[in-house]
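Undergrad: Below is the structure I would like to discuss, written out as structure tokens.
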Amino acid sequence: MRVAVDISLYPLDADFIPPIKDVIERLNQHEGIDVVTNPMATQLRGEFDLVMDALRQEIGTTFQQVPKAVFAIRSDLS
């Protein structure tokens, strides 16, 4: 099953741009996932398991690096 997921990261820090760029760069390293970035969100498209595994890994890494952050996630099965 394919899925499309929109994610937005809101680091609760004055220097919020570097963590956002970092998570986008890491997501782009995952094979089998299409990553499209716009000013409001990043869209991930691919097979459900690949997208969810990438999100689990990169959200975990982000929370280790930026303990005060919020991810907003919306999904759409296609």
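No lab work stands behind these numbers, since they all come straight from the coordinates. Quantities reported herein were computed from a predicted structural model and do not represent experimental measurements. Here Cβ is always computed from backbone atoms with ideal geometry, including for glycine, and neighbour counts include all displayed protein chains.
Undergrad: Considering only residues that are surrounded by 13 or more Cβ atoms within 10 Å (Cβ to Cβ) and basic (Lys, Arg), look in segment 4-55 and name the one that is farthest from Ile73 (Cα to Cα).
TA: Applying the filter and picking the extreme gives Arg26.
Undergrad: Moving on to the next point. If you scan segment 11-57, which residues turn out to be touching a helix residue (DSSP H, G or I) at 6+ places or on another chain (Cβ under 9 Å) and part of a strand (DSSP E or B)?
TA: Pro11, Ile33, Val35, Thr37, Thr42, Leu44, Arg45, Gly46
Undergrad: Something else about it: Go through segment 58-75 residue by residue and tally those that are assigned to a helix (DSSP H, G or I) and closer than 14 Å to Pro18 by Cβ.
TA: Matching residues across segment 58-75 total 3.
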